[in-house]
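The values are calculated or read from the model by the stated rules, or taken from the named source; none is laboratory data. Computed from a predicted model, the values in this text were never measured in an experiment. Here Cβ is always computed from backbone atoms with ideal geometry, including for glycine, and neighbour counts include all displayed protein chains. Surface areas here come from the heavy atoms of the whole protein model, side chains and all, with no ligands, DNA or RNA. Shrake-Rupley method; radii C 1.70, N 1.55, O 1.52, S 1.80 Å.
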Amino acid sequence: MFSYLRYLALSLFYPARRDFLKAGLGIASRHKRCARYWKPHLELSKQFISSALQNARPATVVILGAGRLLDVPISDLSEKTKQVVLVDWDPGVTLAWENARRTLEARGVTVATQQSDVTGRLTQWTKALDSLPVTSSASDARELLVSLVELPALETFPEGIRADLLISLNLLSQLGLYWEDRVRSRLGTLMSDDGIFSDSSLEKALQSTMRCLEEEHLSLLSNSEAETIVLLSDEWFHYYRQQQSEWRTDAALRTVFPPALANYSIIERDSWLWHLAPQWLEQLDYGEIHTVRALRYQKHSSSS
């Protein structure tokens, strides 16, 4: 009941971010229901970040997509860095951030927070989408989507902050999904019964904008000037049924993965399965497992 009332209250203050708020509360709720299934994934994420902290000893750590910090090793941050910057666009994360702030500041770590759209795109693209007349054809919608990628992205990196360690936390594969949900909900009359646009060129244009969000996020990482970058992302979505041996597997990303970041080399990598939701607990028909990839990049030295 408290979560629902909090959702209603925050929705009034942040109507343009209701989808982020709803998704964030959904993550918190799912974590409670599936805690023992999530535990291995969360621990492996923390271990990978802790390894980067141990090796980089960064003065400033910036976490993009910080969320509720379920997969962040707060104790290690308190011992191995001087400043932490938390970035997310979900207005429901403030309680988790304040708890972390108290722990970190008690150890002398400075904490800064920024609620922003790390794509620099969603607000402007959504405004353009909402300006499309409801009577528009699939061709009109396709032309709009094609034109969106030509709009200049807004600056999204925390102003005045130089990250020694920059972490993109389970964010890359999610950026396009928020945009996809907005597009499909607003252009629902152009979709077929299976939720896919009847016009294949419109569907292709949507996928192109989603790929644009992923590619620009990777460019943001490359251009950050951070000495070390940690990228954790879903790579594959698996859907299974307990009575069947064959699973359905969908790619989580539209870009080539693992990505090559300009001026960086991959120096550590890992991969594991995240049992997101077992069959019967949420869905009667299937369970969901994600393949997660963890990558640590090191910036090339100026002499190389």
Efficiency by 1/(1 + (r/R0)^6): what FRET value for Phe13 and Arg241, r their Cβ-Cβ distance, R0 = 41 Å, to the nearest 0.05? 0.50
Simple label model, 7 Å out from Cα along Cβ direction - Val134 to Ala35, nm: 4.6
Length-normalised contact order for the chain - Cα pairs under 8 Å, 6+ apart - percent: 17
When only C-alpha pairs under 8 Å and at least 6 residues apart count, what is the relative contact order of region 23-114, in percent? 28
Normalised by the residues of region 59-157, what does the relative contact order come to in percent, with Cα pairs under 8 Å and at least six apart? 26
For region 179-258 the GluC sites (Glu not before Pro) that pass both the DSSP coil test and the at-most-11 other-Cβ-within-10 Å test are Glu246
Can you tally the net charge around Lys204? Count Lys and Arg as +1, Asp and Glu as -1, for every other residue whose Cβ sits under 14 Å from the Cβ of Lys204. -1
So how many Å³ per residue does the convex hull of the Cα atoms of region 225-299 work out to? 100
Starting from the Cα coordinates of region 48-171, work out the convex hull volume and express it per residue in Å³. 123
Can you compute the radius of gyration and Dmax for the chain, using only the Cα atoms, both in Å? 19.8, 59
Charge sum, other residues only, whose C-beta stays under 13 Å from Trp38's C-beta, Lys/Arg counted +1 and Asp/Glu -1: +3
Summing +1 per Lys or Arg and -1 per Asp or Glu among the other residues with Cβ less than 13 Å from Leu132's Cβ gives +1
If you roll a 1.4 Å probe over the chain with all protein chains in place, what percent of the accessible area is carbon or sulfur? 52
Could you give the length gained on full extension between Ser265 and Thr291, defined as 0.36 nm per residue of separation minus the Cα-Cα distance, in nm? 7.1 nm
What whole-number value in Å² describes the accessible area per residue of the chain for a 1.4 Å probe? 50
To the nearest 20 Debye, how big is the dipole of the chain about its Cα centre, given +1 on the beta carbon of each Lys and Arg and -1 on that of each Asp and Glu? 920
Are there GluC sites (Glu not before Pro) in region 74-179 that DSSP marks as loop and that have at most 10 other Cβ atoms within 10 Å, and which are they? Glu150, Glu155, Glu159
Asp193-Ala153 pseudo-label distance in nm [points 7 Å out on the Cα-to-Cβ vector]: 3.9
Convex hull volume of the Cα atoms in region 204-268, per residue, in Å³? 113
